[in-house]
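The structure appears below as structure tokens.
The values are calculated or read from the model by the stated rules, or taken from the named source; none is laboratory data. These numbers were taken from a predicted model, which means no experiment stands behind them. Cβ sites come from the backbone with ideal geometry, for glycine too, and all protein chains shown count toward neighbours.
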Amino acid sequence: MFLTNKTEAWFFWVFFPLALLAPLFLEQNEFYVSKITTVVILAIFVMSLDYLIGRCGMVTLGHSMFYGLGGYLFVMLAPEYETVNFWVYTFYICVIAAAIALIVGVVVLRTSGIYMIMITLAIAQMCFYFFSDSIHWGGNDGLFIYIKPETSIFGLSFFDLDNVTHFYYFCLLSLFNCLVFFRMVLRSRFGRVMDAIRENPQRTTALGYNIFLFRLASYAMASALGAYAGYLFALQYGYVNPSMLSWQLSGTALVMSILGGMGTIYGAIMGTLVYEGLHYSLEHLTEHWLLLMGIFIIALVMLFKSGIAGFLESLLEKRS
Amino acid sequence: MSTHLLEVRGLHTLYGASHILHGVDLCIEPGQAVSLMGRNGMGKTTTLKSLLGVVTPRSGEVSFKGQRLDALPTWQRMRRGIAYVPEGRGMFHNLTVREHLQMANRPNDRGETQWDYDRVLALFPRLGERLDNLGTQLSGGEQQMLAIGRALLTNPDLLILDEATEGLAPLIRKEIWDVIRLIKQSGISTLIVDKNIQVLKTLCDQHVVLVKGRVAFSGNSQQLLENMSEVESYLSV
């Protein structure tokens, strides 16, 4: 099995069956299905950031650039009033995002630590202002997606993107695939080398590995998945706007990753669920919900020093 | 064309204003074991770091299998067929024994795989019993075995061992020396940095002694025996 430890297995067998059943209980209310779909999409984005920061040691505040680009690339590439194929555009968006990441990465990966944070932030802000100041791409208001892509493969269509429940299950499947994909990567020789690079880059170089290329490949991979999440988000709501590229989104994703347990990968799902759960509960409680949110996050971080996943792992270890 | 596997000529290395190596020369033939000896602070590790490209020498030439390495980064030099077992064993804290071996395992630059996972575990059966332990949870001797096993899995032509037996119990030390003998017999050239002259004089074919960054003695085992008192004076405190 691809799961690495008892806690991950426990989480997997609780989360995915519950997530599969969730629309059955929420069938009467499309709003909730749509809401949890957003959480699932965000979890994909946070997972890709968690891999970069927690497993590759690349701290970036510019990951939202790829999330936003995922949406904008679709709007830029697809004809406005024609139906296009979802799979073809998924391929285009992931490949173009990876290519952009390769170019950006050549600059970004020459730095580390605080300088990497600054440079990723600077590049993401450049991208943000490019779209928010561009009349052609909708400026601050963004652009609408009038016709959603069709999903057929060789003439056979298995789901409809306009159907909220179908779209939810598709996003859940994407999240599952991302989890499996990252687990496979981390278990491979490539993943072990990335772990070694995070621990000691000089020592890994002395074993004959070009750490720059390994980091660049990881950066491109995580960026492509980040763009894929942004593409799903744009399809869900039918619009793109510059807030998808904002550094605040990168910051929020970073908090979700830390909450879940940095570098655990599956912790990204927990972090997103808890953060979004708190967000939704508190914003209906008071208009000063951000204050309460801050207090909760401080308390959670103080309580779970290695994140929720880390806490559960130590708890299950003690019990066994 | 040179027949040397490794050829180092006139290596001068500085750390800031400190001149550490003063024209070090070193040659290793295919299949040969060479010892590099000297007291602490005489430039042994700096010589290794200079030839691996970890530090950039001010001047001098490093050639491996007839090709100059001077302009290549460390990882490319290692890819040509050099493996390095660092002083202090160089374990990765976040990797298990299995993962250490998995990440290093690759064919050499000719695409040959003389050393694989099973052969390394046959050489170090104790590692086989500790596959799921973190590298840092092993004893000093086991860590050294893992460091050597990891280096062998890159299928090198030259194995460089920096203080391979330092800090180990005598029995474990003997075990490590026996393994190095086996590695030598398998045809891999070795460059061994150590202070144990009694073992090195029988194990190695050539010997180099550094004193204050200069080669004070260079010769084969016969010459070493003939000049033993002089060499011992270079090594004694």
Of all residues in region B:52-74, how many are farther than 14 Å from B:H19 by Cβ, in contact with a Gly (Cβ under 9 Å, 6 or more places away or on another chain) and either within 14 Å of chain A (Cβ to nearest Cβ) or not in a loop (DSSP other than H, G, I, E, B) (or both)? 7
What about A:M262, is it among the aliphatic types (A, V, I, L, M) and assigned to a helix (DSSP H, G or I)? no
Inter-residue pairs, beta-carbon under 7 Å, first closer than 14 Å to A:R55 by Cβ and in region A:250-268, second in a loop (DSSP other than H, G, I, E, B), 6+ apart: A:G261/A:S306; A:G267/A:G261
So B:A164, is it away from every other protein chain (no Cβ under 14 Å) and aliphatic (A, V, I, L, M): yes
Here are some residues: A:G68, A:G57. Which one is assigned to a loop (DSSP other than H, G, I, E, B) and in contact (Cβ under 8 Å) with a residue 24 or more places away in the chain? A:G57
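Yes or no, residue by residue, for (1) modelled with pLDDT of 90 or more; (2) more than 14 Å from every other protein chain (Cβ to nearest Cβ); (3) farther than 28 Å from A:L42 by Cα; (4) crowded, with 18+ Cβ neighbours inside 10 Å:
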residue	(1), (2), (3), (4)
A:G155	no, yes, yes, no
A:D160	no, yes, no, no
A:R187	yes, no, no, no
A:F190	yes, no, no, no
A:A196	yes, no, yes, yes
A:G208	yes, no, yes, yes
Can you confirm whether B:L127 is more than 17 Å from the chain's Cα centre (by Cα), part of a helix (DSSP H, G or I) and within 30 Å of B:R110 (Cα to Cα)? yes
On the basis of being facing chain B (nearest Cβ under 10 Å) and touching a Gly at 6+ places or on another chain (Cβ under 6 Å), does A:G230 make the cut? no
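Every residue in region A:175-190 that is under 18 Å from B:R106 (Cα atoms), among the charged types (D, E, K, R) and in contact with a Phe, Trp or Tyr (Cβ under 9 Å, 6 or more places away or on another chain), please. So that I can check it myself, show each step before the final result.
Looking only at region A:175-190, we keep the residues that are under 18 Å from B:R106 (Cα atoms), and these are A:185-190.
Next, from what is left, pick out any that are among the charged types (D, E, K, R): A:187, A:189.
Scanning region A:175-190 gives a single hit, A:R187.
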In region B:1-53, what residues are in contact with a Pro (Cβ under 7 Å, 6 or more places away or on another chain) and of a type in the set (G, A, S)? B:S50, B:G53
Test set (1) more than 19 Å from B:E87 (Cα to Cα); (2) within 14 Å of chain A (Cβ to nearest Cβ) - B:S221 fails condition number: (2)
Return yes or no: is A:T7 assigned to a helix (DSSP H, G or I), within 15 Å of the chain's Cα centre (by Cα) and not aliphatic (A, V, I, L, M)? no
Between B:M145, B:M91, which is under 22 Å from A:F214 (Cα atoms) and buried (at least 19 other Cβ atoms within 10 Å of the Cβ)? B:M91
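Tell me, yes or no, whether region A:166-182 has at least one residue that is within 28 Å of A:A217 (Cβ to Cβ) and of a type in the set (G, A, S). Walk me through it before giving the result.
At the first step, the residues of region A:166-182 found to be within 28 Å of A:A217 (Cβ to Cβ) are A:170-182.
From what is left, the residues that are of a type in the set (G, A, S) are A:174.
Looking for residues that are within 28 Å of A:A217 (Cβ to Cβ) and of a type in the set (G, A, S), one finds at least one in region A:166-182, hence yes.
Before we move on, is A:F182 touching a residue at least 60 places away in the same chain (Cβ under 8 Å), buried (at least 21 other Cβ atoms within 10 Å of the Cβ), more than 24 Å from A:E82 (Cβ to Cβ) and more than 9 Å from chain B (Cβ to nearest Cβ)? If you could, list the steps in order and put the result at the bottom.
Details: touching a residue at least 60 places away in the same chain (Cβ under 8 Å): yes; buried (at least 21 other Cβ atoms within 10 Å of the Cβ): yes; more than 24 Å from A:E82 (Cβ to Cβ): yes; more than 9 Å from chain B (Cβ to nearest Cβ): yes.
When the stated conditions are applied, A:F182 passes them.
If the requirement is being hydrophobic (A, V, I, L, M, F, W, C) and in contact (Cβ under 8 Å) with a residue 12 or more places away in the chain, which of these qualifies: A:L278, A:L285? Give the steps one after another, and end with the answer.
Numbers: A:L285 fails: in contact (Cβ under 8 Å) with a residue 12 or more places away in the chain.
Going through A:L278, A:L285 in turn, just one is hydrophobic (A, V, I, L, M, F, W, C) and in contact (Cβ under 8 Å) with a residue 12 or more places away in the chain: A:L278.
Would you check if A:A268 is of a type in the set (A, V, I, L, M) and loosely packed, with under 15 Cβ neighbours inside 10 Å?
Values: of a type in the set (A, V, I, L, M): yes; loosely packed, with under 15 Cβ neighbours inside 10 Å: no.
No, not satisfied.
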